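Just below is one structure, and these are the notes that go with it.
The values are calculated or read from the model by the stated rules, or taken from the named source; none is laboratory data. Computed from a prediction, not measured in an experiment: that's the story for all the values here. Here the Cβ positions follow ideal geometry from the backbone for every residue, glycine too, while neighbour counts run over all protein chains shown.
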Amino acid sequence: MNTTDTQQQLFKFNKVRNSLKAVLIFTVINLVLTVLDVGIYFPFSATAPLIFVELGRIGAEGNPGSIVFIVCLGLALGCILLYLACFLLTKRWRIFVFVALVLFILDTLSLGWLIWLAFSTDSFELSVLLDVAFHIWILFSLIQGSIAWIKLRGVDTNSANAFSDDIVATTQAIEITEMPASVEDTSSAAEESE
């Protein structure tokens, strides 16, 4: 694999890691909002942890200190920890992007079950379509990451990580050098006055 192909695959792989990070952040936010019963929900999160919390709430019958609620909350946190482990471990062992793909396929199946349940009880809401679109986007991203992992199997992880860090540093340097002219004029005027 030549350098350009390696760069492209590493770029795809890093995008997948960022997508996984977004799933984690929104899932944690939604979990907290669900436990606090705020009534606000972001559609960009994993579904299974939220299902566990709702099942715990139903099983606890309004008693948040019950063992059923605590077990279901533990299962929800376990799901989040699995995604977190995949995110952290993909930096060193790229195979964990495939593990994250399998987990998200299971999560998508839980979303499918939730949609089926909503249809069967006549409580389907169109906002669920945002969840479906998000799940399709994340699945597509994780599939691309798994393909990138397969293509990068011959590339040493340490050198690939160093290369990725160089790409990030170069991107940040480009963003800094592309400041608007008014910002550059202000900074050069400040340097001249000193």
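Some points to look at:
- Counted residues, the stretch 121-154 - those being touching an Asp or Glu at 6+ places or on another chain (Cβ under 9 Å) and without any contact (Cβ under 8 Å) to a residue 24 or more places away in the chain: 0
- Residue pairs meeting the criteria (Cβ under 8 Å; at least 6 apart or on separate chains; first under 15 Å from residue 25 (Cβ atoms), in the stretch 71-96; second among the basic types (Lys, Arg) and surrounded by 15 or more Cβ atoms within 10 Å (Cβ to Cβ)): 87/17
- Taking (1) closer than 26 Å to residue 132 by Cα; (2) surrounded by fewer than 20 Cβ atoms within 10 Å (Cβ to Cβ); (3) out of contact with any Phe, Trp or Tyr (no Cβ under 7 Å at 6 or more places or on another chain) in turn, residue 52 satisfies each apart from (2).
- Look at (1) crowded, with 18+ Cβ neighbours inside 10 Å; (2) at positive phi and you find that residue 37 fails only one, number (1).
- Checked against (1) modelled with pLDDT of 85 or more; (2) surrounded by fewer than 17 Cβ atoms within 10 Å (Cβ to Cβ); (3) closer than 19 Å to residue 29 by Cα, residue 127 passes all but a single condition, namely (1).
- Yes/no for residue 65 being more than 15 Å from the chain's Cα centre (by Cα) and modelled with pLDDT under 90: yes
- Filtering the stretch 94-151 to residues that are over 21 Å from residue 14 (Cβ atoms) and aromatic (Phe, Trp, Tyr) leaves 113, 116, 119, 124.
- Odd one out for residue 167, checked against (1) surrounded by 15 or more Cβ atoms within 10 Å (Cβ to Cβ); (2) at pLDDT below 85; (3) within 20 Å of residue 19 (Cα to Cα): (1)
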